[in-house]
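We did not get these values from a lab; they are worked out from the coordinates using the rules stated. All of these numbers come straight from a predicted model, not from anything done at the bench. Virtual Cβ from ideal backbone geometry, glycine too; neighbours counted across all protein chains shown.
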């Protein structure tokens, strides 16, 4: 069970690193935004710590992600909330792009920009 939990923490750390890079933040900038130490965040990104709810909240605020997404990534919440549906805060397509290991960060950012440009509601012209 421990190795399974370690694997979840490593995956969570990779997710945080990915989101930080998508937000174009350095580790130091994220540390400033969250009031967490640079070494702690580095270790978190390497899967060496299990974050508290307070840390998850600070990360969700700084990275503009819902707390539910981070709780699910940390293995503390069912990723789809038990409904089988993507949430409106984290659409399925957006999540899939962010989690695709075959894409580099530049490609992810480009795909997300295109996706967002095509899914935004046009302004009401009436």
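From the convex hull of the Cα coordinates of the stretch 2-85, what is the mean projected area in square nanometres?
5.3
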Find how much the distance from residue 52 to residue 96 grows on full extension, using 0.36 nm per residue of separation minus their present alpha carbon separation; answer in nm with one decimal.
13.3 nm
Along Cα→Cβ, 7 Å out, is where each label goes; now give me the distance between the ones at residue 40 and residue 105 in nm to one decimal.
2.2
Can you tell me the FRET efficiency between residue 66 and residue 117 if r is taken as the Cβ-Cβ distance and R0 is 22 Å, rounded to the nearest 0.05?
0.50
